[in-house]
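The values are calculated or read from the model by the stated rules, or taken from the named source; none is laboratory data. Not measured: the values here are computed from a predicted model. Cβ placement follows ideal geometry from the backbone for every residue including glycine, while neighbour counts extend to all protein chains displayed.
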Amino acid sequence: MMALLLAGVAANAQSPTATGVINATLVNKNGISLQFDTDPAGVTLGAAGTSAVTASFGAVSAFGPLSGGVTRPSVTAANFTVRTIFDVHVIQGGLTSATYTLTANLAAPAPTGLSYKVDAVTLSTTSQTIQTNGGYNTDIAHNLDLVVSTAAPGAGGPVVGAPITTTINFTATAN
């Protein structure tokens, strides 16, 4: 009888178990996030699906060929405009608002001879309202325009042949 009892103790020692409890506290907070997506009619955005993307217009001119996803909606004696379309996707969680307001501004003044527009709004370093009733959880298309002066460099026109980089800051605020 004693041998049987020792065998049972040995079997239990090979499969030890333990139990524990974690008491976790969760504080759910509301929030909003903004991301940029490539629009099928626009240029392919670098890092699409994030809040920090790049959009390359490629080489632009008043009359020559343009990169895919770039159009030229306007050419006048004073300037020409090149455009691409991009999508803004705003996600909200825990908010009671049904819409958001989208604003944008240039991080630094535009280079000489250039101006930037989102939809019909000319951008500056001061925040400008782009949209007041944006819907959540859907891609909303916006036009990004680059207006280029046809004046010669030094006479109000932009530098020719040099890459130009500009940063545009966007902010989505729940209504």
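A compact table of results
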item	result
Selection from the range 76-111 of residues that are surrounded by 14 or more Cβ atoms within 10 Å (Cβ to Cβ), under 22 Å from A151 (Cα atoms) and of a type in the set (V, I, T)	T81, V82
Qualifying residue in the range 33-46 (condition: surrounded by 11 or more Cβ atoms within 10 Å (Cβ to Cβ) and at positive phi)	no
Selection count where residues are outside any loop (DSSP other than H, G, I, E, B), within 20 Å of G42 (Cβ to Cβ) and out of contact with any His (no Cβ under 9 Å at 6 or more places or on another chain), scope the range 116-175	18
Test for A59: is it buried (at least 18 other Cβ atoms within 10 Å of the Cβ) and touching a Leu at 6+ places or on another chain (Cβ under 9 Å)	no
T81 vs. criteria in a strand (DSSP E or B), of a type outside the set (D, E) and under 19 Å from T165 (Cα atoms)	yes
Unmet criterion (only one of (1) touching a Phe, Trp or Tyr at 6+ places or on another chain (Cβ under 6 Å); (2) modelled with pLDDT of 95 or more; (3) not in a loop (DSSP other than H, G, I, E, B)) for A62	(3)
Meets criteria (assigned to a loop (DSSP other than H, G, I, E, B), hydrophobic (A, V, I, L, M, F, W, C) and modelled with pLDDT of 95 or more) for A104	no
